[in-house]
Amino acid sequence: MIKHVKTLAACLSALLLAGCAASPTHAPTTTRYHVAMIAKSTSTEFWSAVFAGAEAAATEYNMDLTITGSESEEDYSAQNDLIEKAVEEGAQAIIFSASDYQQNAAAIDAAADKGVRIVVVDSAVNSSKVSAYVGADNYGAGQMAAKSALENVEGPLHVGLVNYNVNSPNAQEREKGVVDTLTDSGRAEVDATVYSVATPESARAETLTMLARHPEINVLISFNEAVSVGAAQAVSDLGRAEDLWMVAFDSNITTVDALHTGAVDAMVVQNTYGMGYFSVENAYKLLAGQESDVTRETETATRIIDRSNIFALDGQKAVFPFE
């Protein structure tokens, strides 16, 4: 597994650029709380932006923040070990993104039973002991992806879905939002769905196989950063950029390039920087006795980026939130 210890924050101007939060109004504190952030991954641009927001908030609130994560998004067992280690090392709060809604629950409950406050970021866990959640409306984001295809593709839609961890509530909610919206339209059907390991290599292979078996597919929707990279590579490999509308979730340099070449037509982009910032801010409030000020569910913004708005200032802020 990969471990990162974060001691410096991104500059506060990046926070303002991303539009994530207003200027802090809290009074300075001499108490230095120990907070552990445990992510599903430490290797994607999505999580790099989350970490940057978390570091900024940790500096503002004078908190000792450590950031760890498993090597793969499916490795809930490694996450459970990291939860146990964080408790042993004296973490007073854990900010957690679950690889598995069910399999991570017992470890989170055990940490909470020892007095550790729990904030969930991005991906939920089946625990009643979570104090706050920060993340996107994943069902709504799925609806947004489907509407992009419906508004831009004429005639019947034959849709292929490239999803990831079937045990992730994010994956489930995004897919449900897509399917419900397509069904309600009366002119779309899902011809095939694959569930890939969350790596570009696996998603590329799964997408190539799906498109070979279902050449009628004219809309492709992928559901997170890693599988979007692989799906876009498959579209490019097959020369399908002109006759297939692809919606990717999240953004990185590869999918942005694919947007320019036409392999990707739209991206559902989340406020990742804000996720990190607000999760640390909530952890501070929980530990500082400001529980009445904690927002139990913070819904961060999601938007569609395509070739019509990527060069606008707001589009650049969304795609590159801390650069």
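The values are calculated or read from the model by the stated rules, or taken from the named source; none is laboratory data. No experiment lies behind these values; they were computed from the predicted model shown. Don't worry about glycine lacking a Cβ; one is built from the backbone with ideal geometry, like all the others, and counts go over all protein chains shown.
Within region 261-307, the residues that satisfy the criterion of being charged (D, E, K, R) and crowded, with 19+ Cβ neighbours inside 10 Å are ASP265, GLU281, LYS285. The condition (being under 26 Å from ALA301 (Cα atoms), out of contact with any strand residue (DSSP E or B) (no Cβ under 8 Å at 6 or more places or on another chain) and surrounded by fewer than 20 Cβ atoms within 10 Å (Cβ to Cβ)) is satisfied by just one residue among SER168, SER128: SER128.
Yes/no matrix, rows are residues, columns are (1) within 30 Å of ASN152 (Cβ to Cβ); (2) modelled with pLDDT of 95 or more; (3) of a type in the set (D, E, K, R):
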| residue | (1), (2), (3) |
| --- | --- |
| TYR277 | no, yes, no |
| ASN282 | no, yes, no |
| ALA288 | no, yes, no |
| GLU291 | no, no, yes |
| THR295 | no, no, no |
| SER308 | yes, no, no |
| PHE311 | yes, no, no |
| ASP314 | yes, no, yes |
| LYS317 | yes, no, yes |
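Here SER279 fits the description: more than 17 Å from THR44 (Cα to Cα) and under 14 Å from the mean Cα position of the chain (by Cα). Applying the set (1) modelled with pLDDT of 95 or more; (2) part of a helix (DSSP H, G or I); (3) farther than 21 Å from TYR139 by Cα to SER228 leaves exactly one unmet item: (3).
Criterion applied to THR193, THR199, THR255, THR207 was being closer than 28 Å to VAL121 by Cα, crowded, with 24+ Cβ neighbours inside 10 Å and outside the structural domain of VAL50 (by TED's automatic domain parsing), and the one residue passing it is THR255. Of the candidates ALA86, ALA78, ALA91, ALA98, the single residue that is among the small types (Gly, Ala, Ser), in a loop (DSSP other than H, G, I, E, B), under 13 Å from ILE38 (Cβ atoms) and under 23 Å from the mean Cα position of the chain (by Cα) is ALA98.
Within region 201-218, the set of residues being assigned to a helix (DSSP H, G or I) and within 11 Å of LEU244 (Cβ to Cβ) comprises THR207, LEU211.
Among the numbered conditions (1) at pLDDT below 95; (2) surrounded by fewer than 21 Cβ atoms within 10 Å (Cβ to Cβ), the only one that HIS34 does not meet is (1). Within 30 Å of ALA36 (Cβ to Cβ), modelled with pLDDT of 95 or more, outside the structural domain of ALA258 (by TED's automatic domain parsing) and touching a Ser or Thr at 6+ places or on another chain (Cβ under 7 Å): which single residue out of VAL116, VAL125, VAL121 fits that description? On inspection, the qualifying residue turns out to be VAL121.
Here is a check on your reading of the model: is ALA241 over 23 Å from the mean Cα position of the chain (by Cα), in a loop (DSSP other than H, G, I, E, B) and among the hydrophobic types (A, V, I, L, M, F, W, C)?
yes
The set of residues from region 210-230 being within 23 Å of GLY155 (Cα to Cα) and buried (at least 18 other Cβ atoms within 10 Å of the Cβ) comprises MET210, LEU211, ILE217, ASN218, VAL219, LEU220, ILE221, SER222.
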